[in-house]
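Student: Take a look at the following structure, please.
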Amino acid sequence: MKKLIKNGTVISSTGADAADVLIDGETIVAVLQPGSDVAVSAEAGAEVIDATGLYVIPGGVDGHTHMELPFGGTVASDDFENGTRAAAWGGTTTIVDFAVQSFGQGVRDTLDQWMGKADGKCAIDYGFHQIIGDVNEQSLKDMDALVDEGITSFKLFMAYPGVFLSDDGQILRAMQQAAGNGSLIMMHAENGLAIDVLAEQAVERGETDPVNHGYVRRAEFESEATHRAIQLAKVGAAPLYIVHLSASEALEQVAIARDKGANVFAETCPQYLYLNVEDHLDRGFDGAAYVCSTPLRTKHAHHHEDLWKGLRTNDLSVVATDHCPFCMKDQKELGRDDFRAIPNGIGGVEHRMDLIYQGVVNGEISLPRWVELCSTTPARMFGLYPRKGTIQPGADADIVLYDPKRTWTISQDNHHMNMDHSAWEGFEINGHVHTVMSRGRVIIENDTYTGSTGHGKFLRRGLSDYLI
Ligand code: URP
Ligand code: ZN
Ligand code: ZN
C-alpha cells in the first residue's frame, strides 16, 4: 500500500521545502513538488496523510543509548522493548546501543548477549556499537570480525578504573586496529585515575552527597583526556569520536584538532546544554537523579553557550542522549551514603528531538541544523546513511511529522521511559511529535502508540561516511 504525505514542509539537513513524500511499503520512493502532475497522480491509489502545518523530518537517530546496561550493581531500567517504544514517542526511529565487554569477557559472547536482549523486542530499528573493556590479542582480532558483521564502532574508556578503563597502550593498540579495519573509535574521555583520587579524598572528608560527583570529575580531567585521546588517535592514525562531551575546555581540544584537519568528531547530549551543577546536582540526595559521566558542569562558566556554539560551528557534530535510566528507588539510592555508588546515567531517549528543537525556537540553531544534528549526521557517522537520516528515494520510510505549534510540559507523569522521575520535569516545550513512521508503518499517531514489539530490526551498519 502506498502512502502520500501531503501539504507538509520537508526539512532536510540542507533546507526546508514544501514537498509531498511518496512511500511504497517500507521505502520512500519519491519526493514530489506539490501540485505537479506526478504528485497529483501519486495521490490516486495512495493513503493520503495530511501534514498541513507540520514539519516532515527524517526520524531521529540516537547514536548513544544504554538499554539494560549493567552498572554499579544494578541494571539500567529501560529494557529494549520499553526503551525503544519511549524513543518512538519522542520521534526517534533508530538507536545505536552498546554491547558491553567487561574485563575477562569475550567480545563475541557479549555481542551475542546484547543481540539476544534486543532480538524481537524493539519498536524501532537498532544497531550496536561494541564496548571494549578488555583490550587484548583476542579482542583486537574480534574487532575485525565484528566490522564484517555491521558493528563498525568501538567504545573505549579512559575512566572507570578496574571496570572499563583502558590504559594508553591498550588505547593505542585498539586505535591501530581500527585504523586497519576502517572502524570508528568512540572515547569516554575523562581521566579516571585522577578522578578516583579526588573522589576518595572527598569521601574521607565526609563529602558524600551527589554534588561531589560533579566536583571531583573536574573539567580539567575531561579536557586532559580529550587531548590525550586526540594525540593517541593521531599516532594510531585512527579517526576519533568523543562521546558525551560536556566541558568547554574539552570542546576547545576538539576544535584545535579539527582546525588542524584531524579526523576528530564529538557528540554532546541535551543534559549538557540545559542542566547544571548548582540547579540540578546540588539538591541533597535528589541530585542523584543528575549523576552522570561526564558530569553536569557549573553554571558559573560558559559551558552551555560554548556547546551551543560548537553545535553551530560543527566542532560538535552530533547530539545523542546517552540514555541510561535508573530509578531513584533501589537504584540511585544505592549511593545514598557515598556518591561513588550512585549508578551513573540520565534517561532521555524520549526527549532529544524536542529538547534540541528548543534550540531552533531560541535561535541557537537553524531548522536544517536540528535535523542534521539529530538525524542526518548520526546516520552518516555510524554507517546508516542513506538508509536512515534522510528523506529521499530509496531511504527507509522513517519519518516524523512534527507540530511546531503545540506546547506542553515534560513530566514523569507523561513520559514513557521506565523511570520514577524525570530529569526534565517541568521543562516547557514548544513543538510536539505528531506522527511517527518506522519503515512505512505508523507507530505513533493521535497521541497513541500503534507500533508493535519486535517490529524493529537489527541494522548491519557500514563504515562511517566521515572516515578518510
Ligand atoms: O553516566 C553515564 N554516561 N552512564 C552511561 C555510561 C557511559 O559512560 O556512557
Ligand atoms: Zn561514557
Ligand atoms: Zn554512554
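The values are calculated or read from the model by the stated rules, or taken from the named source; none is laboratory data. Quantities reported herein were computed from a predicted structural model and do not represent experimental measurements. Every residue, glycine among them, receives a Cβ derived from its backbone with ideal geometry; neighbour counts consider all protein chains shown. Surface accessibility is based on the protein's heavy atoms, side chains included, excluding ligands, DNA and RNA. Shrake-Rupley method; radii C 1.70, N 1.55, O 1.52, S 1.80 Å.
Student: Collect the residues in region 361-416 that are within 23 Å of Asn314 (Cα to Cα) and among the acidic types (Asp, Glu), keeping them in residue-number order. Working first, answer last.
Tutor: Of region 361-416, the ones within 23 Å of Asn314 (Cα to Cα) are 361-391.
Result: Glu364, Glu372.
Student: Can you tell me how many residues in region 1-21 are at pLDDT 95 or above, farther than 30 Å from Asn314 by Cβ and either open to solvent by 20 Å² or more (accessible area, probe 1.4 Å) or in a helix (DSSP H, G or I) (or both)?
Tutor: Within region 1-21, residues that are at pLDDT 95 or above, farther than 30 Å from Asn314 by Cβ and either open to solvent by 20 Å² or more (accessible area, probe 1.4 Å) or in a helix (DSSP H, G or I) (or both) number 4.
Student: Looking only at region 401-427, count every residue that is open to solvent by 60 Å² or more (accessible area, probe 1.4 Å), outside any loop (DSSP other than H, G, I, E, B) and out of contact with any His (no Cβ under 8 Å at 6 or more places or on another chain) and tell me the total.
Tutor: The total comes to 2.
Student: Going by what's in this entry, would Ile171 be described as open to solvent by less than 40 Å² (accessible area, probe 1.4 Å), part of a helix (DSSP H, G or I), within 16 Å of ligand 1 (Cβ to nearest atom) and closer than 22 Å to Met381 by Cα? Give the derivation first.
Tutor: Details: open to solvent by less than 40 Å² (accessible area, probe 1.4 Å): yes; part of a helix (DSSP H, G or I): yes; within 16 Å of ligand 1 (Cβ to nearest atom): yes; closer than 22 Å to Met381 by Cα: yes.
The answer is yes for Ile171.
Student: Looking only at region 88-95, decide whether some residue is outside any helix (DSSP H, G or I) and within 16 Å of ligand 1 (Cβ to nearest atom).
Tutor: Residues of region 88-95 that are outside any helix (DSSP H, G or I), as a first pass: 90-95.
From the residues that got through so far, the ones that are within 16 Å of ligand 1 (Cβ to nearest atom) too are 95.
Yes, some residue in region 88-95 is outside any helix (DSSP H, G or I) and within 16 Å of ligand 1 (Cβ to nearest atom).
Student: Moving on to the next point. Give just the number: which of (1) in contact with a Lys or Arg (Cβ under 7 Å, 6 or more places away or on another chain); (2) in a loop (DSSP other than H, G, I, E, B) does His129 not satisfy?
Tutor: (2)
Student: While we're on this one: Go through (1) open to solvent by 10 Å² or more (accessible area, probe 1.4 Å); (2) touching a strand residue (DSSP E or B) at 6+ places or on another chain (Cβ under 6 Å) for Leu193 and report which single condition fails.
Tutor: (2)
Student: In region 35-85, which residue that is charged (D, E, K, R) and either surrounded by fewer than 18 Cβ atoms within 10 Å (Cβ to Cβ) or farther than 27 Å from Arg406 by Cα (or both) is farthest from ligand 3 (Cβ to nearest atom)?
Tutor: In this case the residue turns out to be Asp37.
Student: Would you kindly identify the helices (runs of 4 or more DSSP H) lying entirely within region 174-269 that contain at least 3 residues that are free of Cβ contacts under 8 Å to residues at least 12 places away in the same chain?
Tutor: Filter on region 174-269 gives 192-204.
Student: Right, here's the next one. Looking only at region 149-164, which residues are of a type in the set (A, V, I, L, M, F, W, C) and within 15 Å of ligand 3 (Cβ to nearest atom)? Spell out the reasoning first.
Tutor: Going residue by residue through region 149-164, those that are of a type in the set (A, V, I, L, M, F, W, C) are 151, 154, 156-159, 163-164.
Selection gives Phe154, Leu156, Phe157, Met158, Ala159, Val163, Phe164.
Student: Name the single residue that is surrounded by the most Cβ atoms within 10 Å (Cβ to Cβ) among those in region 99-114 being in contact with a helix residue (DSSP H, G or I) (Cβ under 7 Å, 6 or more places away or on another chain) and assigned to a helix (DSSP H, G or I).
Tutor: My answer is Val107.
Student: Here are Phe103, Phe98, Phe128, Phe80: which of them is modelled with pLDDT under 95, in the same structural domain as Cys374 (by TED's automatic domain parsing) and in contact with a Phe, Trp or Tyr (Cβ under 9 Å, 6 or more places away or on another chain)?
Tutor: Values: Phe98 fails: modelled with pLDDT under 95; Phe128 fails: modelled with pLDDT under 95; Phe80 fails: modelled with pLDDT under 95.
Within the list Phe103, Phe98, Phe128, Phe80, the selection yields Phe103.
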